[in-house]
Amino acid sequence: MNPFRLFRKNAPPPPLRPGQCLGIPRGMMFYHFFPLWKAFWERIGFQIMVSPVSNPEIVEAGQGLTRSDLCLPIKTYLGHVLWLREKVDALFLPRMVSIEAGAYLCPKILGLNDVIRNVISGLPPILGPMVNYKGPRRVTLEESFLSLAAELELPVRGIKEAFQEAFVFWQRHQEEVGGARGIPRDLIPEDLARDLDRPEEGAPRFRLGVIGRPYLLFDPVLSHRLIKKLASYSSEITFYQGIPAAEREAQGERLSKPVYWSLGRDLVAASVSFSQWAKIDGLINVSSFACGQDAFTSYLIAHYARLDSRKPVLSLVLDEHTSPVGIQTRLEAFFDLLESRALKGKPISCN
């Protein structure tokens with residue numbers, strides 16, 4: 001008997017075929033890229049299954065897989081992968097390293113696929129093309145999709161055409177979101193979308209600029225239903241995606257020192273824009289407790305928001321231990337401040 005046969009690797013799984021079902025977790029970069037992903041995979045004939053809106057069971061399942069030094073959105077993402085594990089033929093988990101030249105994404109997002117493979121057993125095949133605009137070997141978004149051609153045994157031309165059609169759709173979707181105060185209505189729960197719609201009977205009492213990562217703000221469990229609470233104060237909310245991309249880019253270039261992370265730079269730039277917009281009454285910055293980036297960007301957001309403006313700024317740091325009563329107390333104080341400012345007709349700072 002040949003002893004080396006004992007160490008022979010298992011044969012690779014057969015290639016995926018159109019008609020099979022791909023699972024996509026509802027978390028992290030889902031809120032940015034899902035329209036592109038969905039349009040691409042449906043264009044080449046695959047079915048898509050998205051994990052449900054986060055619930056306490058999914059969050060608890062993810063927490064049980066990891067150590068406490070990971071942020072709650074990452075833990076919850078693992079729970080979504082676990083929910084999909086036995087329901088799909090494969091998982092689509094692109095490795096997002098850098099989505100633009102000159103900046104990286106969160107280090108935990110960079111290594112997320114490795115974490116998933118190490119803490120979750122019995123996974124179906126994972127399709128994880130890399131996107132890296134900043135690495136030694138630049139891999140664009142289009143090139144990452146083209147790399148799937150060999151794995152799927154599909155013609156490169158067909159993959160390229162599917163990507164180009166999906167990319168046009170995605171760009172149009174981003175424009176629509178930007179024109180809707182940054183609200184991705186087709187990606188968030190219906191009840192949350194309804195809460196964000198301004199009442200027909202009158203103008204909003206307050207107009208708020210809310211700054212935070214979409215995977216935190218638009219997840220009702222991770223955000224402790226913050227958006228619903230804000231809407232209950234007759235507030236019209238604009239998110240950072242509601243700021244034109246050209247304006248965000250220009251504001252980012254005016255910072256005294258560039259922010260090295262893609263999402264973080266957008267959030268800091270949003271604080272500058274919101275502080276300058278006359279139609280914004282106050283700013284709320286929402287961050288995740290264990291997020292290393294937010295530890296830096298939250299300070300910068302507060303700094304730039306108050307640099308040329310006396311608009312009230314509220315900072316909320318959320319995690320699994322956050323008390324809903326504590327959030328409510330801080331919101332009441334914040335809106336009392338806005339009321340006082342409105343009655344006196346002069347700016348009151350929240351320093």
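The values are calculated or read from the model by the stated rules, or taken from the named source; none is laboratory data. Just so we're clear, the structure is a prediction, and the values are computed from it rather than from any experiment. Neighbour counts are summed over all protein chains in view; Cβ atoms, including those assigned to glycine, are modelled from backbone coordinates with ideal geometry. Calculation scope for accessible area: heavy atoms of the full protein, side chains included, ligands and nucleic acids excluded. Shrake-Rupley method; radii C 1.70, N 1.55, O 1.52, S 1.80 Å.
Out of all the residues in the range 200-249, which are part of a loop (DSSP other than H, G, I, E, B) and either within 26 Å of residue 299 (Cβ to Cβ) or of a type in the set (Lys, Arg) (or both)?
Here is the first cut: in the range 200-249, the residues part of a loop (DSSP other than H, G, I, E, B) are 200-205, 212-213, 218-225, 232-234, 243-244.
Correct list: 205, 212, 213, 218, 219, 222, 223, 224, 225, 243, 244.
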By residue number, the members of the range 95-112 that are touching a strand residue (DSSP E or B) at 6+ places or on another chain (Cβ under 7 Å) and open to solvent by 50 Å² or more (accessible area, probe 1.4 Å) are 104
Quick check on residue 333: is it at pLDDT 85 or above and open to solvent by 70 Å² or more (accessible area, probe 1.4 Å)? no
Per the list (1) surrounded by fewer than 22 Cβ atoms within 10 Å (Cβ to Cβ); (2) closer than 20 Å to residue 214 by Cα, residue check on residue 309 breaks on (2)
By residue number, the members of the range 43-92 that are assigned to a loop (DSSP other than H, G, I, E, B) and within 14 Å of the chain's Cα centre (by Cα) are 53, 54, 71
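State which residue is farthest from the chain's Cα centre (by Cα) when the search covers only the range 142-195 and only residues that are basic (Lys, Arg) and within 30 Å of residue 219 (Cα to Cα). Reasoning before the result, please.
Our first condition is that a residue be basic (Lys, Arg); within the range 142-195, this holds for 157, 160, 172, 181, 185, 194.
Those left that are additionally within 30 Å of residue 219 (Cα to Cα): 172, 181, 185, 194.
Details: 172: 18, 181: 16, 185: 14, 194: 20 Å.
Across the range 142-195, the extreme among qualifying residues is 194.
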- Task: Evaluate the range 160-176: report whether one residue or more is surrounded by fewer than 20 Cβ atoms within 10 Å (Cβ to Cβ) and under 30 Å from residue 335 (Cα atoms).
- Result: yes
Review point. If you go through the range 229-245 one residue at a time, do you hit one that is within 20 Å of the chain's Cα centre (by Cα), more than 19 Å from residue 177 (Cα to Cα) and without any contact (Cβ under 8 Å) to a residue 40 or more places away in the chain?
Key: no
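Pick out the one residue from 112, 91 that is within 15 Å of residue 37 (Cβ to Cβ) and not charged (D, E, K, R).
After applying the criteria, what remains is 91.
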Output for Cβ contacts, cut-off 9 Å, separation at least six or different chains, first residue free of Cβ contacts under 8 Å to residues at least 40 places away in the same chain in the range 320-341, second open to solvent by 60 Å² or more (accessible area, probe 1.4 Å), reads 321/289; 323/329; 339/205
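If you take the residues in the range 104-141 that are in a strand (DSSP E or B) and under 19 Å from the mean Cα position of the chain (by Cα), which one is nearest to residue 67 (Cα to Cα)? I'd like the intermediate steps shown before the answer.
Here is the first cut: in the range 104-141, the ones in a strand (DSSP E or B) are 104, 126-127, 130-132, 139.
Filter once more, so that each one left must be under 19 Å from the mean Cα position of the chain (by Cα): 104, 130-132.
Details: 104: 24, 130: 26, 131: 27, 132: 27 Å.
Out of the qualifying residues, it is 104.
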What about residue 300, is it part of a helix (DSSP H, G or I), surrounded by fewer than 22 Cβ atoms within 10 Å (Cβ to Cβ) and among the hydrophobic types (A, V, I, L, M, F, W, C)?
yes
Restricting attention to the range 113-144, the residues that are open to solvent by less than 10 Å² (accessible area, probe 1.4 Å) and in contact (Cβ under 8 Å) with a residue 60 or more places away in the chain number exactly 1
Does the range 252-274 include one or more residues that are open to solvent by 10 Å² or more (accessible area, probe 1.4 Å) and assigned to a strand (DSSP E or B)?
yes
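So that you can scan it fast, the table gives a plain yes or no per residue for (1) within 24 Å of residue 170 (Cβ to Cβ); (2) at pLDDT below 95; (3) in contact with a Gly (Cβ under 7 Å, 6 or more places away or on another chain):
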{"residue": "38", "(1), (2), (3)": "yes, no, no"}
{"residue": "62", "(1), (2), (3)": "no, yes, yes"}
{"residue": "77", "(1), (2), (3)": "yes, no, yes"}
{"residue": "80", "(1), (2), (3)": "yes, no, yes"}
